[in-house]
Amino acid sequence: MKRISLTEEWVQGAVSVERRENGLKPWRIPYDDYELYPPEGIGGKAEITAGVRLRFCTDSRCVVLCFEPISQTARIDCSVNGELAEAGTAEVEAGSTTAQWQLAAGEKELELWLPQNTGMILTALLINTEASASPLRDERPRWIAYGSSITQCVAAESPSRTWPAIAAAAAGFHLTCLGYSGNCQMEPMVSRLIRDTPADLITLCLGINVYGAATLSARTFKPAVIGMVATIREQHRDAPLLLLSPIYSSERETTPNKLDLTVGMIREQIEEIVDTMRSRGDRNLHYRNGLIWFGEADASMLPDGLHPDAAGCKLMGDRFAERVLAGVRWGR
């Protein structure tokens, strides 16, 4: 086999790519500004490669992705011409340095979906000696999906089967997943990041981490959401912007947290914000109640009462176009 050196143009779905001496490390924040995203790059979640993939054309019958030893067991998916390949999910043990796929003959478009539960430093791609490979741009409309662990989807069966990945494939989007487990706190720097990232569609799944960590009260939640929307609108003036309230969340629906906020109250506040801002002229701002997407009837897929399991992640992805995007227009 021969070794292909990777460059930034091979990587899609990352906010930035750090070039290290031994390879490339994708980030979901601008890595040069790491210190401006405390703690530890938003709780250590921005280096996790949820939604990040290598996208390229090749005629190789075998592809091997090489990387620095990973810190925990993970999965990497290989999709061929938009479909998960047969035996396309590679199980990668902690400490492993390669993942390999056997493929059919002929030219094909591949996406190697990196893990949604850990970070990686990519060192090389190996292909058959007589074969060729070249990076492939993703020209589809760009979608930024911001949220919590429910958007990061650690419990999904594999990285191409998170709900954002499923929804992006079905609707034809270039996905940038900004799901930060436990850290969807509407930080001003994240608002600036979304503002400064190209986008044709933006979804913000807000509220569940604020409830869980009791970081905002009924007094401060609304201003924080308004500030985030206003910052994003400084650049994305016309792109459809969807505010999604939490999906069903068992006892959190009516049980006040330490700041006397319930998930039900969060939904009401987000809907009120959208109504107010639409009345002021932002007609491409939309509200979607999380319960229409994943409600109490789906609670059997919440093993801990909060996080959808693999079946729940798939259900959310399958429902996204009909229940969340319905009536929304996007494009360049």
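The values are calculated or read from the model by the stated rules, or taken from the named source; none is laboratory data. Computed from a prediction, not measured in an experiment: that's the story for all the values here. FYI the Cβ positions are ideal-geometry reconstructions off the backbone, even for glycines, and counts take in every protein chain you see. In case anyone asks, the SASA skips ligands and DNA or RNA and just uses the protein heavy atoms, side chains included. Shrake-Rupley method; radii C 1.70, N 1.55, O 1.52, S 1.80 Å.
Observations, loosely collected:
- Scaling against 2.2 N^0.38 Å puts the C-alpha radius of gyration of the range 79-145 at 1.26.
- When the alpha carbon gyration tensor of the range 197-274 is reduced to an equivalent ellipsoid, its three semi-axes come out at 25, 13, 10 angstrom, largest first.
- For the range 218-332: rounded, prolate or oblate by the Cα gyration tensor [a/c cutoff 1.5]: oblate
- Net charge contributed by nearby residues that have their C-beta within less than 9 Å of TYR31 (K/R +1, D/E -1): -3
- Estimated D of the range 145-214 in µm² per second, where Rh is the Kirkwood radius over Cα pairs and Stokes-Einstein applies at 4 °C, 1.567 mPa s: 102 µm²/s
- Along principal axes, Cα extents of the range 1-143, largest first, whole Å: 47, 35, 27
- Accessible surface calculations at 1.4 Å, restricted to protein heavy atoms, place the range 129-231 at 33 Å² per residue.
- Extension gain, ARG329 to ASP33: 0.36 nm times the residue separation minus the Cα-Cα distance gives 103.2 nm.
- Of LYS2/LYS45; LYS2/LYS314; LYS2/LYS25, those spanning more than 26 Å from alpha-carbon to alpha-carbon: LYS2/LYS45; LYS2/LYS314
- Neighbours of PHE221 by Cβ distance under 13 Å: Lys/Arg scored +1, Asp/Glu scored -1, total -1.
- Surface share of carbon and sulfur [accessible, 1.4 angstrom probe, percent] for the chain: 48 percent
- The ellipsoid equivalent to the alpha-carbon distribution of the range 60-197 has semi-axes of 27, 18, 14 angstrom, derived from the gyration tensor eigenvalues as √(5λ) and listed largest first.
- Largest to smallest principal axis extent of the C-alpha atoms in the range 73-116, angstrom: 33, 18, 14
- When the convex hull of its Cα atoms is projected in every direction, mean area for the range 39-95 (nm²): 5.0 nm²
- Whole-Hz ³J(HN,Hα) from phi, Karplus 6.51 cos²θ - 1.76 cosθ + 1.60, for the range 2-18, glycine and proline x: 10, 9, 10, 7, 8, 10, 4, 5, 6, 9, 10, x, 8, 7, 8, 10, 8
- Dividing the summed -39500 (n - 2.57) terms of all DSSP H runs of n ≥ 4 by the residue count of the chain sets its mean residue ellipticity at 222 nm at -6500 deg cm²/dmol.
- Tail beyond 28 Å, pair distance distribution of the chain (Cα, percent): 40 percent
- Sum of side-chain charges, MET265 neighbourhood, beta-carbon under 15 Å (Lys, Arg +1; Asp, Glu -1): -1
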